[in-house]
Structure formats: structure tokens, C-alpha cells
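Participant: Have a look at the structure that comes next, please.
The values are calculated or read from the model by the stated rules, or taken from the named source; none is laboratory data. In this text, all values refer to a predicted model and were calculated from it rather than measured experimentally. Note: ideal-geometry Cβ built from the backbone for every residue, glycine included; neighbour counts use all protein chains shown.
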Amino acid sequence: MKKILVTGGLGYIGSHTVVALQQKGYEVYILDDLSNAQYFILENIQKITGILPYFTKLDLCNMPELQYFFSQNNDFEAVIHFAAKKSVGESVQKPILYYQNNLNSLCNILLCLEQFKIKNFIFSSSCTVYGQPDELPVTENTPLKPAFSPYGNTKQIGEEIIFDFQKNYADFNAVILRYFNPVGAHDSALIGELPNGVPNNLMPFITQTAIGKREKLCVFGDNYPTADGTCIRDYIHVVDLADAHLLSTERLFEGKNNEKIEIFNLGTGKGSSVWEVIKSFEKVNNIKVNVEIAPRRDGDVTAVFADCTKANEILGWKAKKTLDDMTQSAWKWEKKLRIRN
Ligand code: UD1
């Protein structure tokens with residue numbers, strides 16, 4: 001059984017990927033510092049898969065501890081690296097925290113890969129690297145724009161670090177996955193998104209408003225040059241994302257990669273407006289959301305959605321879940337979470 005290390009494995013996308021890997025028979029080890037994740041997710045992964053993943057609480061910025069961990073567990077076939085800070089707004093207020101955390105942890109992991117001769121690496125990147133592209137949909141060759149936030153910059157720099165690192169570690173293979181807007185939750189509603197404090201992102205704000213935790217959902221701007229005036233994003237179900245990580249890992253295992261570092265966009269290829277997301281949520285869950293139109297939010301781009309032809313043709317991956325699946329599973333998870341708390 002191949003051993004795979006997942007950093008940030010108790011986080012939102014990480015936990016869904018751990019489930020997908022375990023269900024395919026891989027032996028999963030998780031590193032997570034629990035700074036934006038909760039321990040019960042580990043138990044819930046076990047409830048879904050019947051297997052408790054190995055777990056070590058560890059901050060990847062702590063190099064001596066990380067090296068010790070690898071010295072005790074040095075036979076990983078791949079590392080999937082999710083662990084990172086991810087709040088765009090917080091990154092503007094605390095840029096150094098973001099550079100220090102996201103880049104140090106990446107460098108430390110890469111150094112360990114070389115030291116312990118681990119060849120396969122999957123990196124979580126983001127559509128934020130494209131900024132507001134001149135043409136839509138966005139392909140992997142669309143030129144990158146200067147990042148809008150320190151968070152986005154850590155993703156751009158992170159990608160560059162991986163390319164530079166590869167030049168001196170010939171056996172190293174990586175897949176860089178650029179996620180569009182991950183939403184939704186596992187069908188079991190045992191794992192899902194757990195935002196810290198007031199959510200920044202649309203879907204958890206919708207579900208928290210619907211359940212009464214927030215008074216109202218502010219729609220940030222309804223005068224954009226789009227059909228209904230609200231911004232357009234490519235929302236992608238987290239379970240589809242998890243499958244893409246599984247396929248990427250197996251592609252590396254099978255040595256099928258055409259290049260040492262491959263980049264894939266992960267979205268549905270279809271843009272949805274803020275109104276469309278709200279309408280889908282209200283329709284499939286038969287519940288009204290208290291909505292108010294608010295001014296535009298700084299830094300929001302009008303529209304961005306992916307061309308996923310490359311992931312489709314090369315990785316054999318295609319998003320299967322619809323927007324309705326996303327809004328339905330997000331609501332199921334929110335309701336279960338409230339019963340728990
Ligand atoms: C941001 C990040 C992206 C990251 C994603 C998921 C940027 C520019 N974007 O995307 O990299 O992958 O989060 O973590 O770095 N909205 C409202 N009301 C709300 C919240 C959001 O109207 O209360 C609107 C926003 O204006 C936007 C859309 O909903 O049009 C989606 O916003 P959000 O969920 O925050 O994601 P992004 O900003 O697109």
C-alpha cells in the first residue's frame with residue numbers, strides 16, 4: 001500500500017482529499033497544526049472511510065520538528081501540500097504572516113522532499129494567480145497578472161519556487177492545481193468548510209445567513225457589467241477537487257506526466273453569478289436568504305471562469321457536480337454543524 005503525506009489534511013480541501021485517497025486504498029498520513037482546522041474532522045474521516053488516518057500535529061515552519069517527522073516516516077511516495085493560510089482580507093492586514101507562513105512552510109517541505117528522496121509533489125494553487133484576465137475562459141497559458149493580495153502573491157511565488165527547485169532536483173515531479181472557487185461538502189455532511197469567525201467567502205456566508213447565524217447576506221455590487229450585474233465565478237464542488245488530487249497523484253505514480261511540472265485549472269468551465277448561486281441555494285433547499293445589496297468589495301474582479309480542457313484531456317478529470325449539488329451539500333453540512341455545536 002503506497003503511503004501519501006497530506007499537509008493540511010484536516011482542512012477543507014485536504015480532508016476531502018484524504019477521504020478520496022483512503023477510499024482508493026492509499027495509506028494516508030496527515031500533518032496539520034490545527035490553526036484553521038478541528039480535531040473532530042479526523043474522527044469524521046474515520047466515520048466515512050472506516051480508517052483512522054495517521055495524524056501528527058505539526059507546524060511546517062518548525063523545520064527541526066518537520067525533519068524529525070520525516071526521519072521517522074521517510075517512505076512516502078507523494079506529498080500533497082495543502083497547508084497554508086488562505087484569507088485574502090487577512091493577508092492584506094498581515095502580509096508578513098502570510099509570506100512567512102506560506103513560503104517558509106513550502107520551502108521546508110521541499111527541502112525535506114530532497115533530503116528524504118521523495119519525488120512526487122502536488123501543490124495547491126489558485127485562480128487568484130490570473131487576476132482579472134483579459135480573455136475568458138482562462139487557460140493555463142493565460143498570462144498571470146500581478147497578484148491582488150499577499151495571499152495571491154504567495155501562490156504565484158510558490159509556483160515559481162517549485163519551478164526553481166525542480167531545476168536542481170532532477171527526479172522531482174510536481175503537479176500544480178489552480179483551484180477556482182471551491183464550495184460544497186461531502187455527501188455524508190461529516191466534513192466540510194469550517195470558516196474561522198466571520199466568513200469571507202460567499203457560500204459559507206449564505207449558509208450562515210440561512211441558519212440565522214448572520215443577519216443578512218451582503219451582495220457586493222449589482223452594477224458589474226454582467227447579465228444580472230453581479231460578479232461571475234467558477235464554483236467547483238470540493239468532492240470533484242478531491243478527485244482531481246487523486247488523479248494527479250496517480251498520474252505521477254504511473255510516470256505518465258509529460259513534463260516535470262504540470263499545471264491544471266480546476267473548475268467547471270461555467271461561470272455563475274452571485275445571484276445564480278443564491279437562487280440555486282434557495283431553490284434546492286427551499287429556504288429564503290435575507291439579502292441586501294451592498295457596495296462593491298475592494299479587489300473583486302468582474303468575472304473569472306476556467307477552461308478545463310487540459311485537466312479533461314490529460315488528467316482525465318471533469319467536474320461532475322452541478323451548482324445545485326454544491327448549494328445542497330453546503331446546506332446539509334451547515335445544518336449538521338449547528339446540531340453539533
Ligand atoms: C477568493 C480568492 C480565491 C480563493 C477563494 C476561495 C482572490 C481574488 N480570490 O475568491 O483565490 O480561491 O476566495 O477561498 O484572491 N460575495 C458577496 N458577498 C459575500 C461574499 C462574497 O457578494 O458576503 C461575492 C464576491 O463579491 C464575489 C463572489 O461572491 O463576487 C465570490 O466571493 P468569494 O467567495 O469571497 O471568492 P473570491 O473572492 O472569488
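Participant: Specify which of the listed residues (D325, D300) is modelled with pLDDT under 95 and either touching a Lys or Arg at 6+ places or on another chain (Cβ under 6 Å) or surrounded by fewer than 20 Cβ atoms within 10 Å (Cβ to Cβ) (or both).
Facilitator: Only one candidate passes the filter, namely D300.
Participant: What is the residue count in segment 81-136 for residues that are within 11 Å of the ligand (Cβ to nearest atom) and over 14 Å from the mean Cα position of the chain (by Cα)?
Facilitator: The number of residues fulfilling the criteria is 6.
Participant: Ok, one more. Name, by its number, the condition in (1) in contact with a Lys or Arg (Cβ under 7 Å, 6 or more places away or on another chain); (2) farther than 15 Å from D307 by Cα; (3) not β-branched (V, I, T) that does not hold for C127.
Facilitator: Result: C127 passes all but (2).
Participant: Restricted to segment 294-341, and to residues that are of a type in the set (F, W, Y) and part of a helix (DSSP H, G or I), which residue is farthest from the chain's Cα centre (by Cα)?
Facilitator: Per the criteria, the residue is W331.
Participant: Consider S280 carefully, then state whether it is crowded, with 23+ Cβ neighbours inside 10 Å and at pLDDT 95 or above.
Facilitator: No, not satisfied.
Participant: Name the helices (runs of 4 or more DSSP H) wholly inside segment 94-179 in which the number of residues that are among the charged types (D, E, K, R) is 3 or more.
Facilitator: 150-167
Participant: Residue by residue through segment 224-267, note down the ones that are assigned to a loop (DSSP other than H, G, I, E, B) and either aliphatic (A, V, I, L, M) or in contact (Cβ under 8 Å) with a residue 60 or more places away in the chain (or both).
Facilitator: Y224, P225, T226, A227, C231, D234, N257, K260, G267
Participant: Follow-up. Which of the numbered conditions does Q156 fail, given that it passes all the others? Conditions: (1) of a type in the set (S, T, N, Q); (2) in contact (Cβ under 8 Å) with a residue 40 or more places away in the chain; (3) more than 25 Å from L10 (Cβ to Cβ).
Facilitator: Failing condition for Q156: (2).
Participant: While we're looking at this one, here's another question. Does segment 243-283 hold any residues that are under 23 Å from R233 (Cβ atoms) and of a type in the set (G, A, S), and which are they?
Facilitator: Answer for segment 243-283, where residues must be under 23 Å from R233 (Cβ atoms) and of a type in the set (G, A, S): A244, S248, G267, G269, G271, S272, S273, S280.
Participant: Do you know which residues across segment 3-37 are within 16 Å of the chain's Cα centre (by Cα), assigned to a loop (DSSP other than H, G, I, E, B) and in contact (Cβ under 8 Å) with a residue 60 or more places away in the chain?
Facilitator: Answer for segment 3-37, where residues must be within 16 Å of the chain's Cα centre (by Cα), assigned to a loop (DSSP other than H, G, I, E, B) and in contact (Cβ under 8 Å) with a residue 60 or more places away in the chain: G8, G9, G11, N36, A37.
Participant: Let me ask another. Here are some conditions: (1) surrounded by 19 or more Cβ atoms within 10 Å (Cβ to Cβ); (2) near the ligand (Cβ under 10 Å from one of its atoms). G271 meets all but one. Which one does it not meet?
Facilitator: If we test G271 against (1) surrounded by 19 or more Cβ atoms within 10 Å (Cβ to Cβ); (2) near the ligand (Cβ under 10 Å from one of its atoms), just (2) comes out false.
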